[in-house]
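The values are calculated or read from the model by the stated rules, or taken from the named source; none is laboratory data. Remember, it's a predicted structure, so these values are computed and weren't measured experimentally. Positions of Cβ are backbone-derived with ideal geometry, glycine not excepted, and every protein chain shown enters the neighbour counts.
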Amino acid sequence: MRLSGDVAIIGAGLIGLAVAHELARRGATVRVFERDLPGRAASWAGAGMLAPYTERMNDDALARLCAQSLALYPGFVADIEATSGVGVHLHLDGIVNAAFDDVRMDELRRDAERLRANGVACDVLDRSGAMLAEPSLGRHVFGAIAVEGEGAVDNRRLGRALTAACESAGVAIVRDARDVAVECDARRVLGVRSNWGFAGASHVVVAAGAWSASLPGLPVACEPPLEPIKGQMLALAMPRGFLKRTTWVPGAYLVPRDDGRLLVGATVERAGFDQRVTADGVRSLLDAALDAAPALGDFAVTETWAGLRPGTPDERPILGPTSVDGLILATGHYRNGILLTPVTARLIADFVERGDRAVLEPWLLARFEKEGAATKRMSKP
Ligand code: GLY
């Protein structure tokens, strides 16, 4: 590796940890600064869905990046599991997207045609097919599509696994870091200052999710235009196997975990940095879940929580160099942070190691400068 100097990463979410691990295995000396514990915030709050097709992106470049990352997932997970000894429960057995009226079913049929035309295997199921695929769906289900190759990972376990893999690769993870600030001169990044003192670095990667824009010391020209987009979720205690696969229903998605929990998510709210779980939020999720699968009504609610997705004006992540040499952004993954973790690690490591920039062009912060300052900030609701 041609790296000179250390790499500092701000934020030990899945993105920061995966970038750290990839750089360390390529020979870099890496420190990660985390104000809390590794693998928390949005990395802990998400459902771990790996669903580039079911998420119905209208942005072809983003859809391709997400599909590329999905293809990397099995190898990425095998590597992290082998290094850490922690299983992350990756399931790529497809996602069922259920319709409860003919209008929605027509939309799903069109989605299925489009996906097949792009080489994605996808079954269209009538009512009995949908009930056979997921018997817990109510008898009023109209039909469904089942998209092959998508699925989910247990993101909380992935956070634990990545933390262990990083540590065994020699990454120093600084937990409970206070007053973390990036330091730059007029031209280049110098390092990271925290309550632990100053740590010089040739590259600093900002991977602090929704908090990346307000990082102390970040030059104004390097501030990513981010808005926190709140997602509330809850978990039900489910008899094992009650729901076999991740299933989308109108107004919610249902993600079964191997430990018997059924995750129900998620709201999409513009509420600043508010992370309260609200009665309205929980009601909307339960209404959607129980309308689709009334049998869930008897299950215990075991957990509720909320997290903040880092939203950007064009819903694309912000990846790569800034106008300050050595200062790199890896944030703004919005609804796809867990999915985009492997490809982000690879792209950022390739840039740090070899200066590969062309491939980052669609994701650079600089795209907002071209559009002008007026569009740089997300408009408020
Ligand atoms: N990717 C699902 C969500 O953000 O809610």
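The criterion of at least 1 residues that are over 24 Å from Val264 (Cβ atoms) and of a type outside the set (Phe, Trp, Tyr) is met, among helices (runs of 4 or more DSSP H) falling completely within region 1-108, by 14-25, 60-84.
Annotation for region 284-295: at least one member residue is over 23 Å from Asp60 (Cβ atoms), over 19 Å from the mean Cα position of the chain (by Cα) and in a loop (DSSP other than H, G, I, E, B).
Checking the structure you have, find out if any residue of region 243-258 is within 14 Å of the ligand (Cβ to nearest atom), under 27 Å from Leu90 (Cβ atoms) and among the small types (Gly, Ala, Ser). Yes, region 243-258 has at least one match.
Give me the strands (runs of 3 or more DSSP E) completely within region 145-247, filtered to those with at least 2 residues that are buried (at least 24 other Cβ atoms within 10 Å of the Cβ), ordered by residue number.
Working: elements: 172-174, 181-184, 189-194, 197-200, 203-206, 227-237.
Counting at least 2 such residues, we get 189-194, 203-206, 227-237.
Of the residues making up region 269-290, just one is acidic (Asp, Glu) and buried (at least 16 other Cβ atoms within 10 Å of the Cβ), namely Glu269. Right, Arg127: under 28 Å from Arg64 (Cβ atoms) and of a type in the set (Lys, Arg) or not? Judged against the criteria, Arg127 is not a match. Asp350 meets the conditions (1) within 22 Å of the chain's Cα centre (by Cα); (2) touching a residue at least 12 places away in the same chain (Cβ under 8 Å) in every case but one. The failed one is (2). Would you mention how many residues in region 55-68 are within 13 Å of the ligand (Cβ to nearest atom) and either under 11 Å from the mean Cα position of the chain (by Cα) or of a type in the set (Lys, Arg) (or both)? Adding up the residues that qualify gives 2.
Would you point out which residue out of Pro135, Pro52 is out of contact with any strand residue (DSSP E or B) (no Cβ under 8 Å at 6 or more places or on another chain), within 16 Å of the ligand (Cβ to nearest atom), closer than 15 Å to Thr247 by Cα and not basic (Lys, Arg)? Outline the logic, then answer.
Details: Pro135 fails: within 16 Å of the ligand (Cβ to nearest atom).
Result: Pro52 is the single residue among Pro135, Pro52 that is out of contact with any strand residue (DSSP E or B) (no Cβ under 8 Å at 6 or more places or on another chain), within 16 Å of the ligand (Cβ to nearest atom), closer than 15 Å to Thr247 by Cα and not basic (Lys, Arg).
Please indicate, with yes or no, whether at least one residue in region 316-331 is touching an Asp or Glu at 6+ places or on another chain (Cβ under 8 Å) and within 16 Å of Ala67 (Cα to Cα). Yes, region 316-331 contains at least one residue that is touching an Asp or Glu at 6+ places or on another chain (Cβ under 8 Å) and within 16 Å of Ala67 (Cα to Cα).
Among the residues of region 29-46, those identified as surrounded by fewer than 24 Cβ atoms within 10 Å (Cβ to Cβ) and farther than 13 Å from Ala207 by Cα are Thr29, Asp36, Leu37, Trp44, Ala45. Listed by first and then second residue, the pairs linking a residue in region 322-342 that is touching a residue at least 24 places away in the same chain (Cβ under 8 Å) and under 13 Å from Cys222 (Cβ atoms) to a residue that is among the aromatic types (Phe, Trp, Tyr) and more than 15 Å from the ligand (Cβ to nearest atom), with Cβ atoms under 8 Å apart and 6 or more places separating them unless they lie on different chains, are Ile328/Phe351.
Residue count for region 325-353, restricted to those that are within 14 Å of Ala210 (Cα to Cα) and either away from the ligand (no atom under 13 Å from the Cβ) or touching a Pro at 6+ places or on another chain (Cβ under 8 Å) (or both): 8.
The lone criterion from (1) among the hydrophobic types (A, V, I, L, M, F, W, C); (2) within 20 Å of the chain's Cα centre (by Cα); (3) at pLDDT below 95 left unmet by Ala374 is number (2). The sole residue among Thr322, Thr312 that is away from the ligand (no atom under 16 Å from the Cβ), polar (S, T, N, Q) and touching a Leu at 6+ places or on another chain (Cβ under 7 Å) is Thr322. Residues that are away from the ligand (no atom under 13 Å from the Cβ) and either in a helix (DSSP H, G or I) or over 22 Å from Lys230 (Cβ atoms) (or both) within region 259-283 comprise Asp259, Gly260, Ala279, Asp280, Val282, Arg283, listed in sequence order. A count restricted to region 292-309 and to residues that are away from the ligand (no atom under 16 Å from the Cβ) and either buried (at least 17 other Cβ atoms within 10 Å of the Cβ) or aromatic (Phe, Trp, Tyr) (or both) stands at 4. For beta carbons closer than 9 Å, sequence separation of 6+ or different chains, a first residue in region 358-381 that is within 22 Å of Thr344 (Cβ to Cβ) and a second that is in a loop (DSSP other than H, G, I, E, B) and at pLDDT below 60, the qualifying pairs are Phe368/Lys376; Glu369/Lys376.
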